[in-house]
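Colleague: Just passing along the structure, written as structure tokens.
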Amino acid sequence: MQDIYLDANATSPVLPAAIDAAIDAMASCFGNPSSSHAGGLRARRILDSARERARRVLGAPFGRVLFNSGATEGIQTAVLSALCALRERRLAGEACGELLLYGATEHKAVPESLAHWNRVLGAGLALQAIPVGADGRHDLAALRELAPRAAMVCTMAANNETGAVSDLDGIARVLEESGSRALWMVDCVQALGKLPLALSAGRIDYAPFSGHKLHAPKGIGMLYVREGAPFTPLLTGGGQEAAQRSGTENMAGIAALGAVLAALEEGSTFRSHAAMAAMRARLVQALRKAFPGIVFNTPDEHALPTTLNFAVAGMQSRDLLDLFDAAGVRVSAGSACSAAKAAPSYVLEAMGLPPWRSSGAVRLSFGPLADDAFIDAACARIRRCGQVAQAAAHGAALAPSSLSGQRHGVLQLSGEGRHGWLLFDHDAGACVAIDAPAGQEARIAGLVRGAGLRVAAVLGTADDAAGRAGRAALRAALGLDASAGPFGWPEESAAVALADGRRVPCIALGAQVLARVDRGDAGPGAAQAAGIDGSAGTGRTCYLLGSAQRDVDAGKDRLPAAALRMAFVGLGGAAALDGIGPARAMDGVIVCHGADAGGSACTRLAAAAASAASAAAPDCRPAAAEGATGDPAPPALQPVDLAAFLARHGDALLIDVREAIESEAGAATLYGRRASALPLSRLAEHLHHLLAAPQRPLVLFCRSGNRSARAALCLQRAGHANAWTLVGGIALADDC
Ligand code: PLP
């Protein structure tokens, strides 16, 4: 499957002409432009002609244009230059203002540089963000108020996350009208090749650029400095770049950037603004059809023609990213995501967007090299993603397992560091939710509705105020009435006898029963559990899932220890299960926790008990090795070793732990072997099945290796001796 690269605001592929120019500068014209011999002069010609082109493209016949390593360096140089000048002016008794103003949506390089140099130089100025409106543009009224006190103003020409194009003329007018003498830096990184530039004609003092955002290589950039604006070199030494930026020039980068600038001047390599806007409109149309719940986060009229930022109701940016990536479409989250939690975008938050739009944002960006065939292919792939997302909304996450063949299962619901569980049975057409994390009500309602299941109960393991409120919110989302007993337990239920003779309430879920064991009721372990979780033995419960047996003589149902499959213990720990049945018979019970315990959401009871015991005995060594983060590390298989591993182990099972929506969007085949789908969220349900053959080699993989590492660790802790994670996931196994 060919990549559809839609992340051009992060970086862009190098223009073929730029590659040729760089190779020429490395292989033929490799001289040092400071040398006076012919080799040096040839290199100097490349340097000079690149600078002349830069002046023409930037509209900068006057002032300095120097080559450097990129925008981050350009920003440092601009800030250092401004702060050194301000210090001198103040020492000379001039009033220069005390504020360092920056747009609230600037790239982090800007406020970080301001804070850094302010501290290093002891300038003692105050940093203040200029607010932006809902369209992402600077609030000019706020700027007008602040401008008289501003020593420096930093704004961007266009935002990298949203594509919002700033009103630079408006900002210049405000500075002019308020009589501000503030030095003005405009980060032009995202503007090059997409917006017209006439730098020398305006009052902008500093304008940094990065080559790699427009088809030049990484590590080459430019800084424009207005004629007469203060300047202090960041690097001194051999006096290169007229002593403005010392260090032997990056000639391959400069030659490549020169080729890109030549293409910009020549005018036919890159698409026009109107052509790019038409391409964006086609992408918008495809996205709207594919994702009916889509909302765009920047108005078109004030956005780069190459950038879209959107959110889809009911989907997190992590889900969308995984879906697009599985379909070979490379996009970015509009927010900084970690595996556990998606941090909302500060850019979208500054625009005042509601949390679901800032934490669910996705950025899609293309470059001016795009053509209609590329946009056709991108639209087709977006349509495919939409079909898969709609199928997922129809219950794919709750599909019967192709690995175990069972029509009942358990889906892990995770969010905000907590785990909940959805138990379902397709033959009974019913499901039960336990400890569903807050904020997932709409998703759960969609899944259940899509799979056509009736919700038999909405349960919790805690009966505190938060637990009750969470259950009420889910019941409301599911359209259920509010009435339910403690822990959400139905008013009417049957009873079942446990191995220790106690009779506890239970509800049927297809051929299985779910029994409720309140912590105060449990055997000898209950007091200990109460001590561990701080509850007084009341207010917490746990649930047992297994196959009840009819005791014909007694006319009652029994749930013997050997018939138990799973236990849902919430945050209270597995000790509540002590004494329910003989330890040996209970060892294989899969314990599902309310938060990670030993790095896993679930494990075998025997393993949970062993880790509780080792936690209590401080000199016991953990069973698993430790990774760099201090977390236990599972056995890891490098992609280069995969072929040999599979050849050595003909019985190895390849397991794709990506979610159903991702495998649907792009099924994974490694070395011609089709993987079995076992989403991480369904691992608990499959532990029994996989542990039945604890020596059979398992190769677990996902998109990047994070989720498969967690799955392998979970299997290892539960007692599987041969579960490997494929390092780097399919991202690094592309050649396989
Ligand atoms: N400014 C903007 C708007 C950017 O998008 C970026 C890069 O993402 C930078 C500055 C920093 O550029 P570089 O990392 O190339 O130095």
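Colleague: Using the Cα atoms of segment 417-616, I'd like the radius of gyration and the largest Cα-Cα distance, Dmax, both in angstrom.
Modeller: Final numbers for Rg and Dmax: 16.2, 48 Å.
Colleague: Counting only pairs 8 or more residues apart or on different chains, how many lysine pairs in the chain have their Cα atoms under 20 Å apart? Intermediate values should be presented prior to the final figure.
Modeller: Working: Lys108/Lys213; Lys108/Lys218; Lys194/Lys213; Lys194/Lys218.
Pairs that pass both the separation and distance tests number 4.
Colleague: Under 1.5 on a/c is rounded, so check that first for segment 449-512, then, if it is not, pick prolate when a/b is larger than b/c and oblate when it is not; a ≥ b ≥ c are the square roots of the alpha carbon gyration tensor eigenvalues.
Modeller: On the way: a/c = 2.55, a/b = 1.39, b/c = 1.83.
Taking the square roots of the gyration eigenvalues as a ≥ b ≥ c, segment 449-512 is oblate.
Colleague: Roughly how many percent of the accessible protein surface of the chain is carbon and sulfur, given a 1.4 Å probe and a whole-percent answer? Can you show the working numbers first?
Modeller: Details: 15870 of 29610 Å².
Percent of accessible area from carbon and sulfur atoms in the chain: 54.
Colleague: Through the Karplus equation 6.51 cos²θ - 1.76 cosθ + 1.60, θ set to phi - 60°, convert the phi angles of segment 424-429 into ³J(HN,Hα) values in whole Hz; use x for Gly and Pro.
Modeller: Couplings: 9, 9, 6, 5, 7, x Hz.
Colleague: Now, a different point. Provide the packing ranking of 683-690, 139-146, i.e. peptides ordered by the mean count of other C-beta atoms within 10 Å per residue, highest first.
Modeller: 683-690, 139-146
Colleague: R0 = 35 Å: FRET efficiency of Ser49 with Arg330, Cβ-based, nearest 0.05?
Modeller: Once rounded, the FRET efficiency stands at 0.55.
Colleague: If I take every Cα pair under 8 Å that is 6 or more residues apart in segment 271-392, average their sequence separation and divide by the length, what percent do I get for the relative contact order?
Modeller: Working: 180 pairs, mean separation 40.9, N = 122.
Computed value for segment 271-392: 33 percent relative contact order.
Colleague: Need one number: % antiparallel among DSSP beta bridges in segment 636-732, to the nearest 5. Mind dumping the intermediate values first?
Modeller: Details: 2 of 13 bridges.
Close to 15 percent.
Colleague: A further question on this structure: Using 0.36 nm times the number of residues separating His649 and Lys218, minus their current alpha carbon distance, what extension gain do you get? Walk me through the numbers before you get to the answer.
Modeller: On the way: separation 431, 0.36 × 431 = 155.16 nm, distance 4.19 nm.
Once the chain is fully extended between His649 and Lys218, it gains 151.0 nm.
Colleague: Right, something else. Could you report the chain's accessible area per residue, 1.4 Å probe, as an integer in Å²? Present the calculation step by step, with values, prior to reporting the outcome.
Modeller: Working: 29610 Å² over 736 residues.
Here the per-residue accessible area is 40 Å².
Colleague: If you average the sequence gap of Cα pairs under 8 Å that are 6 or more apart and divide by the length of segment 63-247, what percent do you get for the contact order?
Modeller: Values: 365 pairs, mean separation 54.8, N = 185.
Relative contact order for segment 63-247 comes out at 30 percent.
Colleague: Also, quick follow-up: With the contact rule set at Cα under 8 Å and sequence spacing of 6 or more, what percent relative contact order holds for segment 417-616?
Modeller: Values: 400 pairs, mean separation 34.8, N = 200.
For segment 417-616, the relative contact order is 17 percent.
Colleague: Would you mind getting me the FRET efficiency between Ala692 and Glu416? Use the beta-carbon distance for r and R0 = 30 Å, nearest 0.05. Walk me through the numbers before you get to the answer.
Modeller: Values: r = 34 Å, r/R0 = 1.12.
Working from the Cβ atoms, E equals 0.35.
Colleague: If you count the DSSP beta bridges with both ends in segment 63-247, what percent of them are antiparallel, to the nearest 5?
Modeller: Numbers: 12 of 27 bridges.
Restricted to segment 63-247, the bridges split so that about 45 percent are antiparallel.
Colleague: Run lengths n ≥ 4 of DSSP H only: what is the helix-derived mean residue ellipticity at 222 nm for the chain, with -39500 (n - 2.57) per run over all residues, to the nearest 500? Write down the numbers at each step before the final one.
Modeller: Working: 22 runs with 250 residues, N = 736.
Computed ellipticity for the chain at 222 nm equals -10500 deg cm²/dmol.
Colleague: Two decimals is fine: what is log10 I(q)/I(0) at q = 0.19 Å⁻¹ for segment 365-515, from a Debye sum with one equal scatterer on every Cα and no solvent?
Modeller: -1.18
Colleague: Starting at the first residue of segment 670-682, write each ³J(HN,Hα) from the Karplus equation 6.51 cos²θ - 1.76 cosθ + 1.60 with θ = phi - 60°, in whole Hz, x for Gly and Pro.
Modeller: So the Karplus estimates, Gly and Pro as x, are 10, 6, x, 9, 6, 8, 7, 8, 9, x, 3, 5, 10 Hz.
Colleague: Amide H neighbours of Gly570 under 5 Å, counting only residues 5+ apart in sequence or on other chains, H built in-plane at 1.01 Å?
Modeller: Those qualifying (amide H under 5 Å, at least 5 residues apart or on another chain) are Gly594.
Colleague: Given H placed on each backbone N at 1.01 Å, which residues far from Ala8 in sequence or on other chains put an amide H within less than 5 Å of it?
Modeller: Close amide H contacts, sequence-distant or interchain: Ser365, Phe366.
Colleague: Further question on the same structure: Name the shape class, rounded, prolate or oblate, that the alpha-carbon gyration tensor gives for segment 129-202, where a ≥ b ≥ c are the square roots of its eigenvalues, rounded holds for a/c under 1.5, and otherwise prolate holds if a/b is larger than b/c and oblate otherwise. Walk me through the intermediate numbers first.
Modeller: Details: a/c = 2.08, a/b = 1.33, b/c = 1.57.
The shape class here is oblate.
Colleague: Of the DSSP beta bridges with both residues in the chain, give the percent that are antiparallel, rounding to the nearest 5.
Modeller: Details: 66 of 106 bridges.
Around 60 percent antiparallel, to the nearest 5.
Colleague: Next question. Along segment 7-16, what does the Karplus equation 6.51 cos²θ - 1.76 cosθ + 1.60 (θ = phi - 60°) give for ³J(HN,Hα), rounded to whole Hz, x for Gly and Pro?
Modeller: Per residue, the Karplus-derived 3J(HN,Hα) values read 9, 5, 6, 7, 5, 9, x, 7, 4, x Hz.
Colleague: Cα atoms only, the chain: Rg and Dmax in Å?
Modeller: Reported Rg and Dmax, both Å: 30.9, 106.
The values are calculated or read from the model by the stated rules, or taken from the named source; none is laboratory data. None of the values given here were measured: they were computed from a predicted structure. All Cβ positions, glycine included, derive from the backbone under ideal geometry; neighbour counts span all protein chains shown. Note: accessible area is taken over every heavy atom of the protein model, side chains too, but ligands, DNA and RNA are not part of it. Shrake-Rupley method; radii C 1.70, N 1.55, O 1.52, S 1.80 Å.
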